[in-house]
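Take a look at the structure below.
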Amino acid sequence: MLSDLEKLARECVIPRLNEHGYYYIDNFVGSTVGDCIYEEVRNLHSVGELRDGQLAGRRTGYSKRHLRGDQVAWVSGVKDRCNAIDFLLSLLDKLVILCGGKLGDYNIKDRSQAMVACYPGNGTGYVQHVDNPTGDGRCVTCIYYLNKNWDAKVDGGILRIFPEGKSYVVDVEPIFDRLLLFWSDRRNPHEVQPAYSVRYAITVWYFDAEERAEARTRYRNRAASGQATTFSS
């Protein structure tokens, strides 16, 4: 598997991200492991661990269901008794490490926890937005999808990317065992179109070390002056 990841990093992820700004991989972990990840995500949902996704506010996050309709939980992996998710995270880490500092000019040394997300299938989505519009350190967004027998014509839920300066859009269906990677900054505004069936995904953000450190310094300075704002992971 390590040799497969090395080839994937060298021949696909590095050139496609650097040239186009996005890339997706099908059959990333295989159906057996994918099923285990799916069961952990579905269990988190069924026991009520997921909460309404938040939008950044001036002091605290706030939920606006017409703008963002997902429910989320932040997961560390083994610490949260999610061994299959932990395995997925370890593969993502290896893939990024194998890119060997060749993803743009970024120096990637850290990432967020995993954000497990569910759109409940009631026609909600997420309006067009940018993951990192303010320089918070996020440089690569990774989304792993868990939806079997997904038919976008019926189920909706497409992630649509609007690449900066391009006349086209990129539609990515959230099908089972698909991994999507794209730059997190203003180069890739994107939206989740309304989903009419339960839609699961796991998102991880990788951080540029210098930008992340600068963002943390700004946050501490604002906090010290009583002007703290939400700092999303």
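When the range 100-123 is filtered for residues that are open to solvent by less than 30 Å² (accessible area, probe 1.4 Å) and more than 18 Å from the chain's Cα centre (by Cα), the ones remaining, listed by number, are G121, G123. Can you pull out the residues in the range 47-76 that are surrounded by fewer than 18 Cβ atoms within 10 Å (Cβ to Cβ), modelled with pLDDT under 95 and within 17 Å of the chain's Cα centre (by Cα)? Within the range 47-76, R51, D52, Q54, L55, A56, S76 qualify. Test Y219 against the stated conditions and say whether it is surrounded by 14 or more Cβ atoms within 10 Å (Cβ to Cβ), among the aromatic types (F, W, Y) and under 21 Å from the mean Cα position of the chain (by Cα). For Y219, the condition - surrounded by 14 or more Cβ atoms within 10 Å (Cβ to Cβ), among the aromatic types (F, W, Y) and under 21 Å from the mean Cα position of the chain (by Cα) - is not met.
The test for being modelled with pLDDT under 95 and of a type in the set (V, I, T) holds for T229. Can you tell me how many residues in the range 16-35 are open to solvent by 70 Å² or more (accessible area, probe 1.4 Å) and in contact (Cβ under 8 Å) with a residue 24 or more places away in the chain? Number satisfying all stated conditions: 5.
Each row is one residue, and each column tells you yes or no for (1) exposed (fewer than 15 other Cβ atoms within 10 Å of the Cβ); (2) assigned to a loop (DSSP other than H, G, I, E, B).
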| site | (1), (2) |
| --- | --- |
| R160 | no, no |
| D171 | yes, no |
| L181 | no, no |
| E191 | no, no |
| S197 | no, yes |
| A201 | no, no |
| V204 | no, no |
| R212 | no, no |
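In summary, strands (runs of 3 or more DSSP E) completely within the range 74-150 and bearing 1 or more residues that are over 28 Å from E6 (Cα atoms) occur at 114-119, 126-129.
The values are calculated or read from the model by the stated rules, or taken from the named source; none is laboratory data. Small disclaimer: the values here were computed from a predicted structure and weren't measured. Heads up, the Cβs are rebuilt from the backbone with ideal geometry, glycines too, and the neighbour counts pull from every protein chain shown. Note: accessible area is taken over every heavy atom of the protein model, side chains too, but ligands, DNA and RNA are not part of it. Shrake-Rupley method; radii C 1.70, N 1.55, O 1.52, S 1.80 Å.
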